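A.B. asks: Dumping the structure here so I can ask a few things about it.
The values are calculated or read from the model by the stated rules, or taken from the named source; none is laboratory data. Quantities reported herein were computed from a predicted structural model and do not represent experimental measurements. Quick reminder, even Gly has a Cβ in these numbers, built from the backbone with ideal geometry, and neighbours come from all protein chains shown.
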Amino acid sequence: MNGSWNHDFPRAEQNLMTILKDLTLIDARTDGGHILTLDDPRLFHYPVAMMWEPGFWTMSDHEAGRFREYLLKGGFAIFDDFEYEQWNNFEAQMRRVLPELRWVKLDQSNRIFDSFFRMKTIDFPHPMYGIRPSYYGLYEDNDPAKRLMVIANHNNDVAEYWEWSGSGLFLVDPSNEAYKLGVNYMMYALTH
């Protein structure tokens, strides 16, 4: 594993899955996850794809096509840990996957933020830079009444809170809100 995306792996995922397993009826795997390419046929066995560092992401045309298939067949993608102008590359890559869809800025009233936990706030700061996050989604047919297929945590690094929770590195309140956010994402993805 060589890449900037893997600095939160596997601890962030293991910690989130432990919380999910402890607080819900989901039998989440807590011993680690699968690292798959977007054109790996096994991706279709998993309803949620968690993607880190998309600000530097590139795909082949084949990967873009397979990722499109995955999302259109019911897959859900979470993008985390990218800031500022990194949005430009991320948006360009996603345009290759779903060119017909447009990003919608999500506010706290969006149902994904209330799918299991009622969030105190979604505006907890980026753990390293202290900047205010924004959340964006892509909806099936560009219709917010339909299924949210992709969520992007821009100007945030939610997984950093998961990775270092319990270490004293970050305050308890934003760490708790980050876990609530992760559980809400998973519950939304598994029920929509």
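A.B. asks: For the stretch 61-77, give me each residue that is more than 11 Å from residue 140 (Cα to Cα), assigned to a helix (DSSP H, G or I) and under 16 Å from the mean Cα position of the chain (by Cα).
C.D. replies: Answer for the stretch 61-77, where residues must be more than 11 Å from residue 140 (Cα to Cα), assigned to a helix (DSSP H, G or I) and under 16 Å from the mean Cα position of the chain (by Cα): 67, 70.
A.B. asks: Also: Are there any pairs, at least 6 apart or on different chains, whose C-beta atoms fall under 9 Å, with the first in the stretch 136-155 and more than 11 Å from residue 110 (Cβ to Cβ) and at pLDDT 95 or above and the second polar (S, T, N, Q) and part of a strand (DSSP E or B), and if so, which?
C.D. replies: 152/134; 153/134; 154/134; 155/134
A.B. asks: Would you confirm whether any residue within the stretch 137-160 is part of a helix (DSSP H, G or I) and touching a helix residue (DSSP H, G or I) at 6+ places or on another chain (Cβ under 6 Å)? Spell out the reasoning first.
C.D. replies: Residues of the stretch 137-160 part of a helix (DSSP H, G or I): 140-142, 158-160.
Keeping just the survivors that are touching a helix residue (DSSP H, G or I) at 6+ places or on another chain (Cβ under 6 Å) gives 158-159.
Yes: one or more hits.
A.B. asks: Restricting the search to the stretch 30-79, which residues are touching a helix residue (DSSP H, G or I) at 6+ places or on another chain (Cβ under 6 Å) and among the basic types (Lys, Arg)?
C.D. replies: The one that is touching a helix residue (DSSP H, G or I) at 6+ places or on another chain (Cβ under 6 Å) and among the basic types (Lys, Arg): 68.
A.B. asks: Specify the residue that is nearest to residue 162 (Cα to Cα); the eligible residues are those in the stretch 78-105 that are surrounded by fewer than 18 Cβ atoms within 10 Å (Cβ to Cβ) and among the aliphatic types (A, V, I, L, M).
C.D. replies: Taking the candidates together, the pick is 104.
A.B. asks: When only residues in the stretch 22-47 that are modelled with pLDDT under 90 and acidic (Asp, Glu) count, which is farthest from residue 10 (Cα to Cα)?
C.D. replies: 27
A.B. asks: Could you list all residues from the stretch 88-108 that are part of a loop (DSSP other than H, G, I, E, B) and within 20 Å of residue 70 (Cβ to Cβ)?
C.D. replies: 98, 99, 100, 101, 102, 103
A.B. asks: What pairs come up if the first residue lies in the stretch 73-87 and is among the basic types (Lys, Arg), the second is surrounded by fewer than 16 Cβ atoms within 10 Å (Cβ to Cβ) and not in a loop (DSSP other than H, G, I, E, B), and their beta carbons are under 9 Å apart, counting only those six or more places apart or on different chains?
C.D. replies: Pairs that qualify, where the first residue is among the basic types (Lys, Arg) and the partner is surrounded by fewer than 16 Cβ atoms within 10 Å (Cβ to Cβ) and not in a loop (DSSP other than H, G, I, E, B), are 73/44.
A.B. asks: Could you tell me which of the residues 37, 121, 58 is more than 22 Å from residue 177 (Cβ to Cβ), assigned to a loop (DSSP other than H, G, I, E, B), touching a residue at least 12 places away in the same chain (Cβ under 8 Å) and touching an Asp or Glu at 6+ places or on another chain (Cβ under 9 Å)?
C.D. replies: Result: 37 is the single residue among 37, 121, 58 that is more than 22 Å from residue 177 (Cβ to Cβ), assigned to a loop (DSSP other than H, G, I, E, B), touching a residue at least 12 places away in the same chain (Cβ under 8 Å) and touching an Asp or Glu at 6+ places or on another chain (Cβ under 9 Å).
A.B. asks: Here is a follow-up. Considering each of 55, 65, 75, 166 in turn, give the residue that is within 22 Å of residue 187 (Cα to Cα), surrounded by fewer than 21 Cβ atoms within 10 Å (Cβ to Cβ) and not basic (Lys, Arg).
C.D. replies: One residue alone meets the criteria, 75.
A.B. asks: While we're here: Which residues, taken from the stretch 130-141, are out of contact with any Phe, Trp or Tyr (no Cβ under 7 Å at 6 or more places or on another chain) and either exposed (fewer than 13 other Cβ atoms within 10 Å of the Cβ) or among the hydrophobic types (A, V, I, L, M, F, W, C) (or both)?
C.D. replies: 130, 131, 132, 141
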